[in-house]
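A.B. asks: Before I ask anything, here is the structure I am working with.
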Amino acid sequence: MTSPAAPAELPSVSGAVAQPGAEGQPSKPLGAGPVKQALVLFAAVLALCLVAYLAMALPAAWFPKATPKAWFAQDLSITRGAGHLVGGDLLVTGTDATGVAIVSANTEFNSVDYPVVAWAALDVPENADVRLLWRNDYMSGVVNTVALKEASGRLLPLSLAKNPNWIGHIKGLALLIRAPIQEPIKIHGVRIKPMGAIETMQDRLREWLTFEAWTGTSINNVAGGADLQDLPLPTALALVAALTLAAWYGLSRRKPTLAALPLVAATLFVLCWGLVDARWMFNFGRQVSQTAMLYAGKTPEQRHLAAEDGALYAFIERARTKLPQQPARVFMVADAHYFRGRGAYHLYPHNVFFDPWRNTIPPPESLRAGDYVIVYFRRGIQYDPAQHRLRWDDNAPIGAEALLVEPGAALFRITG
């Protein structure tokens, strides 16, 4: 008899069975380690960048004891030039014979505690020479001055921590404006700040989270917060992400980890994108609430009147009663391209002409009897009611009848 054959050994198949990780634990999903490391490193780099920014930005102590002080429009006076109070703003409407306007405030504070002065002003001319004036108790007979910078019609805050004349007790602050004032300059007030670490970060957060209402361009983009920002949020996040990626690359000593570099870069991109998008969603939610308060429950006509161009819409509706029912040739003119475009929209289905790019009016020879011209806050328009002649810019006058005349707006019918 032959003994039964021993069972044959099964050949081993490499990789057929998943191998446990270190110490018998299941292996981690691919990429979990680098992603976690990138997030931790991002937080660390963010903290370091924050400390570095404050070290460069703070003009004095990190945690001062002083609190901000402010003087508002009703606390200010115009010592040279012309102006008046309207609501919560002081409107500077003109200069004196020397071309200067001065707005002053009676103050008394220690310069050491308040190194930053910020004037809240709007519609400052781009070519204006604007200066801060002050006196101190060391040289009470001397008026000190330093230039202020303008951006987008606003005055930027000024740090005087290193100014040798910003010493002692400051007795009086003033704003000097040297420029031809065609449109009123709105001054809400002046604020002095100790600018410690907490206040500086509060200012940055306030700039990032400032409500940005819909505008004529926000259908395509939203800038993100206040008009003027010392440190825009997208710029700050992009810098932190770039430094994080560079630090992760430098700390990765093993070559296999470099394969995760695209994954880490994608993680940082999604993280920063999400933070910026969260700010946008926060702004969007506030816009939805404001829109509901403005338009909800109203008729279409009431919604038009409540919109930003409500005054223009109301004038166009009154002008419609003077226009023929059949579509006519209507020329819409205004200094602002927004009013030209919106006015044309409200005038349809009339055959409306308007220049969307330039503030122009066709020459008189292009118009014919029976045409209509709607003027809405457009300079250079002259009308002689005795002669029934209409003239604009440097052109020859043309016969016209005034059908509707209101402050800043009018409707004319060309008679030839």
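A.B. asks: Is it the case that region 111-120 has a residue that's modelled with pLDDT under 90 and either basic (K, R) or not in a helix (DSSP H, G or I) (or both)?
C.D. replies: No, there is no match, as no residue in region 111-120 is modelled with pLDDT under 90 and either basic (K, R) or not in a helix (DSSP H, G or I) (or both).
A.B. asks: Select from region 179-203 the residues that are surrounded by fewer than 18 Cβ atoms within 10 Å (Cβ to Cβ) and either basic (K, R) or in a strand (DSSP E or B) (or both) and list them in ascending order.
C.D. replies: H188, R191
A.B. asks: Hey, does region 68-80 have a residue that's part of a helix (DSSP H, G or I) and either exposed (fewer than 15 other Cβ atoms within 10 Å of the Cβ) or polar (S, T, N, Q) (or both)? Steps first, please.
C.D. replies: Of region 68-80, the ones part of a helix (DSSP H, G or I) are 73-75.
If we keep only those that are either exposed (fewer than 15 other Cβ atoms within 10 Å of the Cβ) or polar (S, T, N, Q) (or both) too, we end up with 74-75.
The answer is yes, given that some residue of region 68-80 is part of a helix (DSSP H, G or I) and either exposed (fewer than 15 other Cβ atoms within 10 Å of the Cβ) or polar (S, T, N, Q) (or both).
A.B. asks: Under 9 Å between Cβ atoms, at least 6 apart or on separate chains: pull out the pairs that start in region 371-398 with a residue that is not assigned by TED's automatic domain parsing to the domain that holds P327 and end on any residue that is surrounded by 11 or more Cβ atoms within 10 Å (Cβ to Cβ) and in a strand (DSSP E or B).
C.D. replies: Correct list of pairs: empty, since none qualify.
A.B. asks: Across region 252-280, which residue is modelled with the lowest pLDDT among those that are of a type in the set (D, E, K, R) and not in a loop (DSSP other than H, G, I, E, B)? Steps first, answer last, please.
C.D. replies: Of region 252-280, the ones of a type in the set (D, E, K, R) are 253-255, 277, 279.
Still in the running and not in a loop (DSSP other than H, G, I, E, B): 255, 277, 279.
Numbers: K255: 61, D277: 90, R279: 91.
That would be K255.
A.B. asks: Any residue that is modelled with pLDDT under 95 and assigned to a helix (DSSP H, G or I) - is there at least one of those in region 366-383?
C.D. replies: Among the residues of region 366-383, at least one is modelled with pLDDT under 95 and assigned to a helix (DSSP H, G or I), which makes the answer yes.
A.B. asks: Kindly establish whether V330 is touching a residue at least 24 places away in the same chain (Cβ under 8 Å), more than 30 Å from F377 (Cβ to Cβ), surrounded by 13 or more Cβ atoms within 10 Å (Cβ to Cβ) and touching a helix residue (DSSP H, G or I) at 6+ places or on another chain (Cβ under 7 Å).
C.D. replies: Details: touching a residue at least 24 places away in the same chain (Cβ under 8 Å): yes; more than 30 Å from F377 (Cβ to Cβ): no; surrounded by 13 or more Cβ atoms within 10 Å (Cβ to Cβ): yes; touching a helix residue (DSSP H, G or I) at 6+ places or on another chain (Cβ under 7 Å): yes.
It is false that V330 is touching a residue at least 24 places away in the same chain (Cβ under 8 Å), more than 30 Å from F377 (Cβ to Cβ), surrounded by 13 or more Cβ atoms within 10 Å (Cβ to Cβ) and touching a helix residue (DSSP H, G or I) at 6+ places or on another chain (Cβ under 7 Å).
A.B. asks: Sticking with this structure for a sec: Looking at (1) within 19 Å of L156 (Cβ to Cβ); (2) assigned to a strand (DSSP E or B); (3) within 22 Å of the chain's Cα centre (by Cα), can you tell me which one V92 breaks?
C.D. replies: Result: V92 passes all but (3).
A.B. asks: From the set of residues in region 95-110 that are among the aliphatic types (A, V, I, L, M) and assigned to a strand (DSSP E or B), which is surrounded by the fewest Cβ atoms within 10 Å (Cβ to Cβ)?
C.D. replies: This residue is V100.
A.B. asks: Mind telling me which of the residues P125, P164 ends up being over 24 Å from the mean Cα position of the chain (by Cα) and assigned to a loop (DSSP other than H, G, I, E, B)? Spell out how you get there, then give the answer.
C.D. replies: Details: P125 fails: over 24 Å from the mean Cα position of the chain (by Cα).
Exactly one of P125, P164 is over 24 Å from the mean Cα position of the chain (by Cα) and assigned to a loop (DSSP other than H, G, I, E, B), namely P164.
Yes or no, residue by residue, for (1) assigned to a helix (DSSP H, G or I); (2) farther than 22 Å from Q202 by Cβ; (3) of a type in the set (A, V, I, L, M, F, W, C):
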{"site": "A43", "(1), (2), (3)": "yes, no, yes"}
{"site": "L50", "(1), (2), (3)": "yes, no, yes"}
{"site": "A61", "(1), (2), (3)": "no, no, yes"}
{"site": "K65", "(1), (2), (3)": "no, no, no"}
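A.B. asks: Would region 351-359 turn up any residue that is surrounded by fewer than 21 Cβ atoms within 10 Å (Cβ to Cβ) and under 22 Å from Q182 (Cβ atoms)?
C.D. replies: Yes, some residue in region 351-359 is surrounded by fewer than 21 Cβ atoms within 10 Å (Cβ to Cβ) and under 22 Å from Q182 (Cβ atoms).
A.B. asks: Given the structure, is A105 within 20 Å of T67 (Cβ to Cβ), of a type in the set (G, A, S) and touching a helix residue (DSSP H, G or I) at 6+ places or on another chain (Cβ under 9 Å)? Talk me through it step by step, then tell me what you get.
C.D. replies: On the way: within 20 Å of T67 (Cβ to Cβ): yes; of a type in the set (G, A, S): yes; touching a helix residue (DSSP H, G or I) at 6+ places or on another chain (Cβ under 9 Å): yes.
Taking the combined requirement at face value, the residue satisfies it.
A.B. asks: Considering every residue within region 141-149, establish whether at least one is in contact with a Ser or Thr (Cβ under 6 Å, 6 or more places away or on another chain), in contact (Cβ under 8 Å) with a residue 24 or more places away in the chain and surrounded by 18 or more Cβ atoms within 10 Å (Cβ to Cβ). Before you say what the answer is, go through the steps one by one.
C.D. replies: Looking only at region 141-149, we keep the residues that are in contact with a Ser or Thr (Cβ under 6 Å, 6 or more places away or on another chain), and these are none.
No, region 141-149 contains no residue that is in contact with a Ser or Thr (Cβ under 6 Å, 6 or more places away or on another chain), in contact (Cβ under 8 Å) with a residue 24 or more places away in the chain and surrounded by 18 or more Cβ atoms within 10 Å (Cβ to Cβ).
A.B. asks: Can you find a residue that is loosely packed, with under 15 Cβ neighbours inside 10 Å, more than 28 Å from the chain's Cα centre (by Cα), under 30 Å from A396 (Cβ atoms) and in contact (Cβ under 8 Å) with a residue 12 or more places away in the chain anywhere in region 304-317?
C.D. replies: Taking every residue of region 304-317 in turn, none turns out to be loosely packed, with under 15 Cβ neighbours inside 10 Å, more than 28 Å from the chain's Cα centre (by Cα), under 30 Å from A396 (Cβ atoms) and in contact (Cβ under 8 Å) with a residue 12 or more places away in the chain.
The values are calculated or read from the model by the stated rules, or taken from the named source; none is laboratory data. Everything numeric in this text was worked out from a predicted model, so none of it was measured. All Cβ positions, even for glycine, are placed from backbone atoms using ideal geometry, and neighbour counts span all protein chains on display.
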